[in-house]
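Quick notes on the structure that follows.
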Protein chains: 2
Amino acid sequence: MLSKNQVKLIHGLKKKKIRKSEQLFIAEGIKVVEELLGSKLKVHKLFFTNAYLNPFNVTDYQIITEKELQLISDFSSPNQILGIFEIPPFKEPFHEGLTVLLDEVNDPGNLGTIIRLCDWFGVDQLVCSKNTADCYNQKVVQASMGSLARLNVTYTDAVSYLKNEKRPVYGTFLNGANVYRTQLEQDAVIILGNEANGISKPVEAYVTQKLTIPQFGENQITESLNVAMATAIFLSEFRR
Amino acid sequence: MLSKNQVKLIHGLKKKKIRKSEQLFIAEGIKVVEELLGSKLKVHKLFFTNAYLNPFNVTDYQIITEKELQLISDFSSPNQILGIFEIPPFKEPFHEGLTVLLDEVNDPGNLGTIIRLCDWFGVDQLVCSKNTADCYNQKVVQASMGSLARLNVTYTDAVSYLKNEKRPVYGTFLNGANVYRTQLEQDAVIILGNEANGISKPVEAYVTQKLTIPQFGENQITESLNVAMATAIFLSEFRR
C-alpha cells in the first residue's frame, strides 16, 4: 500500500523546487520507464501493478493497485508503472562536437521534442540557459521518450558558456543567411531562442553566423516556424 | 448579450458532426482570427469585447463582455475575440505539383503543425484520408495559425486518390532509402502515416519509393520520429 509520504513525494516532484531538493524525477508508462531503466540513469523506486512483469528485475519496487496508480499518475489512463529516478550529478558543459544551445525555450513539449531530435541526430550536447524549461519536468520526460537518458543535457548561464567559444556559433533568425546555401561546420554551436522573442540580445552578441529557413511558395507567412520544427530542419541540414 | 442559441451553436461546433451539418468552424484569439479574416475564407460572425478594434471592419459582429467570452472560449485566458467562419465548399483533389497525403494522422496538434509546414514549404495540396483528424477541429485551427486558410486541404479516400496516380509516390518508412541520398521529384506525392501504425497496407501498395530519415550518432533509438518532425525534415529535403 502507498504511504501518505510516498504520495506526497510523488506529487511534490511535479514541482521543480522539490525535484531540486530531492534530486529525483518521475517517468510514467512502460515505454518511457523501460527506456530509462535500460540507460545509465539510476532508479530510485518503481511503483507498478500486478500486470507489470518487471523484466529488468529492479529490486526497489512496490506493487500497487490500479486505484493507487491512478492516484499518483498524470495520465488519464495510467499504463502499469510509474518510476522515480535519480537526477544525474551536474556535468560541466564542454566545448567540442555539435552543441545545441537553448536560450529560454519555455514550453515543456517543445523541449521534449528537441531532446528527442538531438538524440536522433547525434548531437553531442544540449546546453540549456538557466531560464529554459526544466528537462526533468514530467511533460518533458514523457515527450522526450527516453532520449533524455541518452543525451548530455546541462543547464548553465548561456553568456558565460559562449564567452571564449572557439567553434562557429550559429543562431536562428528571421533575417539570416539561407541555411540551405551555407557551409555548416560539424563542430559548432547552434542556438535556438525563446518561442515568442527568439534569441536574446546578450546571447545574439556571440553569434558568428545568422541562419534562416527560407519560405517557399507564394504565401507570405508572418509567423516564424515553431522552435521544435526549426530544430528538426536545422539538425537535418547539419547532419545530412 | 449572447443568446442561449448562440452559446449552444458555439459549443456544438466543437463536435465534428455539428461542424459538418452547419458548415461552420471556430477560431480564437486576435492573431489566428485576423489571419483568417485576411484570407479568402468567409466570416459568419465575430464575437469580441470592447477592447477589440475591428481593423478589418467586419460588419457581422457582436460585442460581448469578458465574462461571456470566457463562457464560449476554449482558452484559459481568452484573447478579445472568437470568430465563426464558413467551411469552404469541397474541392476535388487534383494530381499535380507537390501533394502531401496523410494516411490517418489522428492527433490534432500534429495535423495543425503539418498544415503549417505545408504552407511554409509551398506544398500545393494537402490530401487527408477520411479517417485523418478534422482540420476544422479547433485545436487544428489554432495550431495551424492561419495556414489553414492558405493551403488547399481536402478529404478523400486515400486509395481512390492514389489509383492511376502518375507522379512518384513517396512513403515514409523505417526501412526505406536514405532520404538524403535520393533524387526527389518536385511533382510528387509524399505520404505520412498514422502516429502508432505508420502507413496502412492498402495505401503502401501504391508507394513507388520508400524513404527513411537515418539516425545519426551512436545511440540506437527504438522509436521513430514523431510524424510532424518527419514532415518537417522531408519537406525541407524536397524544397531545399
Need the list of lysines near A:LYS130 for cross-linking: C-alpha distance under 17 angstrom, and skip anything on the same chain fewer than eight residues off. A:LYS15, A:LYS16, A:LYS17, A:LYS20, A:LYS91, A:LYS163, A:LYS201
If each K or R counts +1 and each D or E counts -1, the residues other than B:THR99 whose Cβ falls under 10 Å of its Cβ total -3
To one decimal in nm, how far is A:GLU223 from the same spot in the other copies, if labels go 7 Å from Cα toward Cβ? Please give the shortest first. 2.4
Computed, not fitted: 222 nm per-residue ellipticity of chain A from DSSP H runs ≥ 4 (each -39500 (n - 2.57)), nearest 500, equal to -8500 deg cm²/dmol
For the rotation taking A to B, I'd like to know which residue in chain A has the C-beta closest to the axis, plus that distance in Å. A:ALA232, 2
Separation in nanometres of the label points that stand 7 Å from Cα toward Cβ, at B:PHE75 and A:PHE94: 4.6 nm
Peptide A:223-235 - average C-beta neighbours from other chains (10 Å radius): 5
Using each residue's phi in the range A:185-196, evaluate 6.51 cos²θ - 1.76 cosθ + 1.60 at θ = phi - 60° and report the 3J(HN,Hα) Karplus result to the nearest Hz, with x for Gly and Pro. 7, 7, 9, 6, 10, 10, 9, 10, x, 4, 3, 9
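So, counting K/R as plus one and D/E as minus one, what does the shell of residues with Cβ under 13 Å around B:ILE84 add up to? Don't skip to the answer; put the middle values down first.
Numbers: positive: B:LYS8, B:LYS14, B:ARG19, B:LYS42, B:LYS45; negative: B:GLU22, B:GLU28, B:ASP60, B:GLU86.
Net charge around B:ILE84: +1.
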With everything on Cα atoms, drop me the angle between helix A:108-120 and the longest principal axis of chain A, reported from 0 to 90° to the nearest 10. 80 degrees
Output row for A:SER21: copy-to-copy label distances, label 7 Å along Cα→C-beta, ascending, in nanometres, one decimal, is 5.5
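Sum up the charges of everything whose Cβ sits under 11 Å from the Cβ of B:GLY217, counting Lys and Arg as +1 and Asp and Glu as -1, but leave B:GLY217 out. Each step should come with its number before you reach the end.
On the way: positive: A:ARG150, A:ARG239; negative: A:ASP119, A:ASP124, B:GLU218.
Summing Lys and Arg as +1 and Asp and Glu as -1 gives -1.
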Hypothetical label at A:GLU66: residues of the range A:28-60 whose amide nitrogen lies under 15 Å (7 Å Cα-Cβ projection): A:49-52
Nearest 10 degrees, 0 to 90: helix A:227-239 Cα axis against chain A principal axis: 70 degrees
Within chain B, what's the longest run with no chymotrypsin sites (Phe, Trp or Tyr not before Pro) in a DSSP loop and at most 15 other beta-carbon atoms within 10 Å? Give the range, please. B:95-240
Label point 7 Å beyond Cα along the C-beta direction, distances from B:ASN175 to other copies (nm, shortest first): 5.1
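Each reported figure results from applying straightforward, stated rules to the coordinates on display, with no laboratory input. Model, not experiment: these values are computed from the prediction. Methodologically, a virtual Cβ is constructed for each residue, glycine included, from the backbone with ideal geometry; neighbour enumeration extends over all protein chains shown.
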